[in-house]
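Quick note: the coordinates plus some simple rules give every number you see, no bench work behind them. If you're wondering where the values come from, they're calculated on a predicted model, not measured in any experiment. Here the Cβ positions follow ideal geometry from the backbone for every residue, glycine too, while neighbour counts run over all protein chains shown.
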Amino acid sequence: MPRFRIDFTLPITFFVGENGTGKSTLLEAIAVQSGFSRGGGARDHRIAAAGDDTLHQALCLGWKPKVGQGVFSRAESFFNLASHLDQVGSRRYGDRDLNAMSHGKAFLGFFQHRFETAERAIFLLDEPEAALSPSRQMAFLTLLHRWHRSGQVQAIIVSHSSVIPAYPNATILSLDHGEMHEIAYQATEHYRTYRAFLAEPERYLRHLLDDTADGGATQAT
């Protein structure tokens, strides 16, 4: 297995890249090595989930200082986490059950309440934009800024969003092309693709929906 080292020098770090580059696998390995359940949640939530059983064993994490609090959030398992918290009667996240809220409200409510701690915390988030509309993704930037200014939070976020990685006080690490390297927000594939599409949607749609691209449309006679 190739060796690599990541120094998290800023409170907020993003992993970006195409599907299949290993972003979520690496984040999950960091979470398991940090003491979280593979299914997500805080360290006291034991939610099972299928996943890689070897990569986390190859990781060696260094802490300055050791962090005891935090959350591992997986986009596909947040519903299970919310159900678990509702079943155990947790009201630390508001006056309503999380699953009684919209996905976006529940997600933001969960992290807004988890922020309310005097202890240092690590937040490992896998595709948080899956729960958030574009406007709520912008609201999430405010939450990231609160975490950054607090000096109490280390956040590592896997994202395909073109909005969330715009947060300026962050490191963006790309896993494309078989290697990990730091990249500017404007150089990410997500930013470049969305910007080009929104600038000329008609041109992209003409190409994407061109019937001749697959041999031509079939016409009735």
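Which far-off residues, 5 or more places away or on another chain, put their amide H under 5 Å from the one on Ala121, with H placed in the peptide plane?
Amide H neighbours of Ala121, under 5 Å, 5+ apart: Val153, Gln154.
Filter the GluC sites (Glu not before Pro) in region 117-202 down to the DSSP loop ones having no more than 16 other Cβ atoms within 10 Å, then list what survives. Before the final figure, lay out the partial values.
Values: sites: Glu119, Glu129, Glu179, Glu182, Glu189, Glu202; in loops: Glu119, Glu179.
Sparse-neighbourhood loop GluC sites (Glu not before Pro): Glu119, Glu179.
Just subtract the alpha-carbon distance of Phe8 and Ala139 from 0.36 nm times their residue separation and send over the number in nm, one decimal.
Roughly 44.8 nm would be gained on extension.
Between beta-carbons, use under 12 Å as the cut-off and find the net charge around Lys64, counting Lys and Arg +1, Asp and Glu -1.
Values: positive: Lys66, Arg120; negative: Asp7.
Taking every other residue near Lys64 into account, the sum is +1.
For Glu179, put the label point 7 Å out on the Cα→Cβ axis and report which residues of region 16-45 keep their amide N under 19 Å from it.
So the set is 16-18, 21-23.
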